[in-house]
Amino acid sequence: MTTPNSHAAPDAAQQGSHQWILTLELPGRAAATQYGTWNPVPGSTRHDVFVAIRQHVTSRFPDLERATVAFFALEPNQL
């Protein structure tokens, strides 16, 4: 017998339309991976979203402003 999940997950509209992961690295010094969801402005490009997310992360962690991008992923937030 299957039981329904009693904890319904929020829909993508509540979470954000896209899920992102960004890893920034200062070789030999530091690395940080951040993730979250994002609602791109209509008409924006993947590059626009990348720049906005990178600025969002580096505003929280100013030491990583000159870091190298080791990984970036942006996908629709759906299964």
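The values are calculated or read from the model by the stated rules, or taken from the named source; none is laboratory data. Note that the structure is a prediction, hence the values are computed from the model and not measured. No Cβ is skipped: glycine too gets one built from the backbone with ideal geometry, and neighbour counts run over all protein chains shown.
Structure values in brief
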read-out: Filtered residues of segment 17-30 (kept if out of contact with any helix residue (DSSP H, G or I) (no Cβ under 9 Å at 6 or more places or on another chain), touching a residue at least 24 places away in the same chain (Cβ under 8 Å) and loosely packed, with under 15 Cβ neighbours inside 10 Å); value: Ser17, Ile21, Pro27
read-out: Extreme residue, farthest from the chain's Cα centre (by Cα), among residues of segment 53-79 that are loosely packed, with under 14 Cβ neighbours inside 10 Å and within 15 Å of His18 (Cα to Cα); value: Leu79
read-out: Number of the exception - Ala12 against (1) among the aliphatic types (A, V, I, L, M); (2) surrounded by fewer than 16 Cβ atoms within 10 Å (Cβ to Cβ); (3) modelled with pLDDT under 95; value: (2)
read-out: When residues of segment 36-52 are limited to those that are in contact (Cβ under 8 Å) with a residue 12 or more places away in the chain and either among the small types (Gly, Ala, Ser) or surrounded by 12 or more Cβ atoms within 10 Å (Cβ to Cβ) (or both), the one farthest from Glu75 (Cα to Cα); value: Ala52
